[in-house]
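Undergrad: Take a look at this one; I'll ask things after.
The values are calculated or read from the model by the stated rules, or taken from the named source; none is laboratory data. The model shown is predicted, which means the values in this text are computed figures rather than measured ones. Note: ideal-geometry Cβ built from the backbone for every residue, glycine included; neighbour counts use all protein chains shown.
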């Protein structure tokens, strides 16, 4: 990925707040429901978001260890009982960590992968944008994302090409109209159907 396409660090705060805003609309009955990610329940997705918040927070701080050196497993995530209390501050800490200019410089690690800080920040943002959409769509809530965040997400996904490797968490892009909304184009580029609904 050419990091020069996004030379200025992005504020992850709005994306983190967009996810936090969804939490009050997720009651316990929805935790076992499906998400646009095959085989991933709402509860597992929330557990994944909590895990990535900690991992990418530590990646920003260059605090490398078990939280950054473990490969993610979305399907097997176990949601803690106190997720309503712990997830919002974890998302706040993630956004705060990436406001430090040093976070975007040098090398770091996330998901057991060593990568430049700038790319790690863009990947963290990508995770927030897409999983925010996943949770909103799975629980019937409205969702929007900032234009610069969606453009960053598209840049991250474009680097994968049209045939992501089997190890990629993303599927092949879903066709959408060239003039489709930017959010739909980002979602489709990740291999998700923008018109997905529970029960599909």
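Undergrad: Tally the residues that are crowded, with 18+ Cβ neighbours inside 10 Å, free of Cβ contacts under 8 Å to residues at least 60 places away in the same chain and part of a loop (DSSP other than H, G, I, E, B), restricting the search to segment 178-193.
TA: 1
Undergrad: Moving on to the next point. Might you check whether a residue that is under 16 Å from residue 16 (Cα atoms), over 13 Å from the mean Cα position of the chain (by Cα) and modelled with pLDDT of 95 or more occurs anywhere in segment 114-126?
TA: The answer is no, given that none of the residues of segment 114-126 is under 16 Å from residue 16 (Cα atoms), over 13 Å from the mean Cα position of the chain (by Cα) and modelled with pLDDT of 95 or more.
Undergrad: Here's a follow-up. Identify, please: which residue in segment 161-171 is surrounded by 11 or more Cβ atoms within 10 Å (Cβ to Cβ) and over 27 Å from residue 31 (Cα atoms) and is, among those, modelled with the lowest pLDDT?
TA: 164
Undergrad: Is there a residue in segment 143-160 that is modelled with pLDDT under 90, farther than 30 Å from residue 28 by Cα and assigned to a loop (DSSP other than H, G, I, E, B)?
TA: Looking through segment 143-160, at least one residue is modelled with pLDDT under 90, farther than 30 Å from residue 28 by Cα and assigned to a loop (DSSP other than H, G, I, E, B).
Undergrad: For segment 87-95, does any single residue satisfy the condition of being touching a helix residue (DSSP H, G or I) at 6+ places or on another chain (Cβ under 8 Å), free of Cβ contacts under 8 Å to residues at least 60 places away in the same chain and over 18 Å from residue 12 (Cα atoms)?
TA: Checking segment 87-95: not a single residue is touching a helix residue (DSSP H, G or I) at 6+ places or on another chain (Cβ under 8 Å), free of Cβ contacts under 8 Å to residues at least 60 places away in the same chain and over 18 Å from residue 12 (Cα atoms).
Undergrad: Would you check if there is a residue in segment 65-73 being more than 14 Å from the chain's Cα centre (by Cα), under 29 Å from residue 27 (Cα atoms) and touching a residue at least 40 places away in the same chain (Cβ under 8 Å)?
TA: Within segment 65-73, one or more residues are more than 14 Å from the chain's Cα centre (by Cα), under 29 Å from residue 27 (Cα atoms) and touching a residue at least 40 places away in the same chain (Cβ under 8 Å).
Undergrad: Considering 31, 23, 79, 12, which residue is at negative phi and at pLDDT below 95?
TA: Going through 31, 23, 79, 12 in turn, just one is at negative phi and at pLDDT below 95: 79.
Undergrad: Does residue 173 qualify as being assigned to a loop (DSSP other than H, G, I, E, B), closer than 23 Å to residue 95 by Cα, in contact with a helix residue (DSSP H, G or I) (Cβ under 9 Å, 6 or more places away or on another chain) and without any contact (Cβ under 8 Å) to a residue 40 or more places away in the chain?
TA: In short, no.
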